[in-house]
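The values are calculated or read from the model by the stated rules, or taken from the named source; none is laboratory data. Values in this document were obtained by computation on a predicted structure and should not be read as measured data. Note that each Cβ is placed from the backbone with ideal geometry, even for glycine, and that neighbours are counted across all protein chains shown.
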Amino acid sequence: MKLKAYTFVFLQFASLFAILLTGPLLAYSFHGILLELGGIFFGALAILTMRIGNFNVAPIAKQGGVLITKGVYKYLRHPMYLAQLLAVAGLVADYFSWFRLAVLLLLTITLLFKLRFEEKQLIPHYAGYEAYMKKSWRLIPYIY
């Protein structure tokens, strides 16, 4: 189980680094900047709501962690994943290459598998997680 969890983390960070190392760190178009800054803001908001000591990079339930269902977590169960996708989508769009697009797709697929794996770990860990799942979206409001 831990090997699988850390494989997701490795693929996630390898994808992020590949995108960041193959082009500029700042988008140049209005839409690119909006996506990048929106993703950074949304990620910061999610971290502040979750509190730094309460989350785990690996998709493993944190011992002593607390289930957060307020703020952005009231609507989305994985806002930090969405924030990553938004931030790098602007970079890939502004500095497009087929390689970068492929890496963005790999990141998206990795995060989708990672969030499903994580939810399987969280259901038995938090008594209210299944009820929370019924009242919130996984990643994209009104879609998924």
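A quick yes/no check of all residues on (1) under 29 Å from residue 131 (Cβ atoms); (2) in contact with a Phe, Trp or Tyr (Cβ under 8 Å, 6 or more places away or on another chain):
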position: 25; (1), (2): no, no
position: 32; (1), (2): no, no
position: 38; (1), (2): no, no
position: 54; (1), (2): yes, no
position: 74; (1), (2): yes, no
position: 78; (1), (2): yes, no
position: 86; (1), (2): yes, yes
position: 99; (1), (2): no, no
position: 109; (1), (2): yes, no
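Restricting region 123-144 to residues that are out of contact with any strand residue (DSSP E or B) (no Cβ under 9 Å at 6 or more places or on another chain) and of a type in the set (D, E, K, R), the residue that is surrounded by the most Cβ atoms within 10 Å (Cβ to Cβ) is 130.
Find the helices (runs of 4 or more DSSP H) located wholly in region 1-95 whose residues include 2 or more that are polar (S, T, N, Q) and at pLDDT 95 or above, and list them.
Working: elements: 2-21, 30-50, 79-94.
Helices (runs of 4 or more DSSP H) meeting the threshold: 2-21.
Among residues of region 14-25 that are closer than 12 Å to residue 84 by Cα, those with a Cβ under 7 angstrom from a residue that is surrounded by fewer than 17 Cβ atoms within 10 Å (Cβ to Cβ), sequence gap 6+ or separate chain, pair up as 15/106.
Quickly run through region 120-129 and pick out the residues that are in contact with a helix residue (DSSP H, G or I) (Cβ under 9 Å, 6 or more places away or on another chain) and farther than 14 Å from residue 73 by Cα.
Looking only at region 120-129, we keep the residues that are in contact with a helix residue (DSSP H, G or I) (Cβ under 9 Å, 6 or more places away or on another chain), and these are 121-123, 126, 129.
Within region 120-129, 121, 122, 123, 126 qualify.
So which of 114, 120 is under 18 Å from the mean Cα position of the chain (by Cα) and buried (at least 17 other Cβ atoms within 10 Å of the Cβ)? First the steps, then the outcome.
Details: 120 fails: buried (at least 17 other Cβ atoms within 10 Å of the Cβ).
The conditions single out 114.
Scanning region 34-55 for residues that are among the charged types (D, E, K, R) and under 19 Å from residue 90 (Cβ atoms) turns up just one, 36. Would a scan of region 83-98 turn up a residue that is at positive phi and among the small types (Gly, Ala, Ser)? No: zero hits.
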